[in-house]
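J.: Attaching a single structure in structure tokens format; questions to follow.
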Number of protein chains: 2
Amino acid sequence: MPRATTTSDAFNAIAEPRRRDILSFIALQERSVNEIVDALEMEQPSVSKHLKVLKEVGLVDVRREGRQMLYRVNVMAIRPLWEWTSTFERMWRHQLLKVKDRAEKKSNL
Amino acid sequence: MPRATTTSDAFNAIAEPRRRDILSFIALQERSVNEIVDALEMEQPSVSKHLKVLKEVGLVDVRREGRQMLYRVNVMAIRPLWEWTSTFERMWRHQLLKVKDRAEKKSNL
DNA sequence: TTGACACATTCCCATATAGGAATATATTGG
DNA sequence: CCAATATATTCCTATATGGGAATGTGTCAA
């Protein structure tokens, strides 16, 4: 059995670094394909293909404006990723608190 | 060019659902390979292979205890994932606040 | 209608999978 | 040393991929 498809879920879609680059770039503001091409210095077909993957898993939305296609991040689609990582984030926060605790007790000697 | 290797970074390593299952299972407590096999109902070689990937990217640590190998999560290795998703989490938190705001203004009419 | 621009799709290919099955390695107790 | 247990590795194969190159589709302006 090969690896799960890039379009099987958000986890697989964002495994590709260039797709993360794209998401980060359009996070603040919707962008046309060519703006992405110029900003990230990628080939246009490559950008279009990555956007297609991102769209299939719901990570981006599109609207047409004249000849341009304006892509924007669907932030909610990233939520499952954030929630999964958050369970671990709580753990290292605890670890850091314990370290801090020990340091304070030591300085009180 | 094929996809980036599963061992190229944490993002690629956790794209596989079974590896996320493993990480979640050993999150609370270190576990032997067979405990993982039993809990997740996977084949032992499969678990060993997944653990190897997780170890290569630093997501787990191991120690030997007699015949057993005890694996535990290296929570800090998940931090880059959490940080990347957090930039988007801030965005939907803002969105939710705006929705809440509008709702409150409406009820004050 | 035609040309130009913006974007999407198709074809090609080398490559890294994940699972299954079989086998290898390491550790312990007797 | 031997048998049993615990884990790791190897071999196999179908399959999805990302980039490059070329081409297709859609929209506007004149």
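J.: How much mean residue ellipticity at 222 nm does chain B get from its helices, if each DSSP H run of length 4 or more adds -39500 (n - 2.57) and you divide by all residues, to the nearest 500 deg cm²/dmol?
T.: It lands at -18000 deg cm²/dmol.
J.: For a Förster distance of 25 Å, can you work out the FRET efficiency between the beta-carbons of A:ARG67 and A:LEU28, rounded to the nearest 0.05?
T.: My answer for the efficiency is 0.60.
J.: To continue, here is another question. All other residues with a Cβ under 11 Å from the Cβ of A:VAL75 taken together, and with Lys, Arg as +1 and Asp, Glu as -1, what is their net charge?
T.: Within the 11 Å Cβ shell, the charges total +2.
J.: Using modelled backbone amide H atoms (1.01 Å from N, in-plane), which distant-in-sequence or interchain residues come within less than 5 Å of B:SER32's amide H?
T.: Excluding prolines and chain starts, which carry no amide H, the hits are B:TYR71.
J.: Any idea what the A:SER8 label distances to the other copies are, label 7 Å down the Cα→Cβ vector, nm, shortest first?
T.: 1.7
J.: OK, next. Run through region B:22-90 and list the GluC sites (Glu not before Pro) located in a DSSP loop whose Cβ has at most 14 other Cβ atoms within 10 Å.
T.: B:GLU41, B:GLU43
J.: If you don't mind, there's one more thing I want to ask. Cα atoms only, chain A: Rg and Dmax in Å?
T.: In order Rg, Dmax, the Cα atoms of chain A give 19.7, 71 Å.
J.: In peptide B:10-17, how many Cβ atoms from other protein chains are near each Cβ within 10 Å, on average?
T.: The mean count of partner-chain Cβ atoms within 10 Å per residue comes to 6.
J.: Taking Cα centroids, how far is region B:1-33 from region B:84-109 in Å?
T.: Comparing the Cα centres of region B:1-33 and region B:84-109, I get a distance of 33 Å.
J.: Taking chain A as a Gaussian network, where each spring joins two C-alpha atoms under 10 Å apart, which residue of A:VAL33, A:VAL99, A:VAL62 fluctuates the most?
T.: Of A:VAL33, A:VAL99, A:VAL62, the Gaussian network model singles out A:VAL99 as fluctuating most.
J.: From the label point of A:ARG93, set 7 Å from Cα along Cα→Cβ, how far away are the matching label points in the other copies, in nm, ordered shortest to longest?
T.: 1.0
J.: Then there's this: Can you name the chain B residue with its Cβ nearest the rotation axis from B to A, and give the distance in Å as a whole number?
T.: B:ALA15, 2
J.: Could you work out, residue by residue across A:87-95, how many beta carbons of other chains sit within 10 Å of that residue's beta carbon, and then give the average as an integer?
T.: Counting other chains' Cβ atoms within 10 Å and averaging over A:87-95 gives 5.
J.: Okay, next question. Please determine, in degrees from 0 to 90 and to the nearest 10, the orientation of helix B:79-107 with respect to the longest principal axis defined by the Cα atoms of chain B, where the helix direction is its Cα long axis.
T.: So the inclination is approximately 30 degrees.
J.: Provide the convex hull volume over Cα atoms per residue for the protein assembly as shown, in Å³.
T.: Hull volume normalised by residue count: 197 Å³.
J.: If you don't mind, another one. If you fit an axis through the alpha-carbon atoms of helix A:44-56 and take the longest principal axis of the Cα set of chain A, what angle between them do you get, 0 to 90°, nearest 10?
T.: With rounding to tens, the tilt is 60 degrees.
J.: Using a Gaussian network model of chain A whose springs link C-alpha atoms within less than 10 Å, name the residue from A:LEU70, A:LEU28, A:LEU96 with the highest mean-square fluctuation.
T.: Of A:LEU70, A:LEU28, A:LEU96, the Gaussian network model singles out A:LEU96 as fluctuating most.
J.: Once you average over the residues of B:72-80, how many Cβ atoms of partner chains fall within 10 Å of each Cβ?
T.: Across B:72-80, the average partner-chain Cβ count within 10 Å equals 4.
Every read-out reported here was derived from the displayed coordinates using simple, explicitly stated rules and does not represent laboratory data. Here the structure is a predicted model, which is why all the values come from computation and not from measurement. For neighbour counting, all protein chains shown are included, and Cβ atoms are generated from backbone atoms with ideal geometry for every residue, glycine included.
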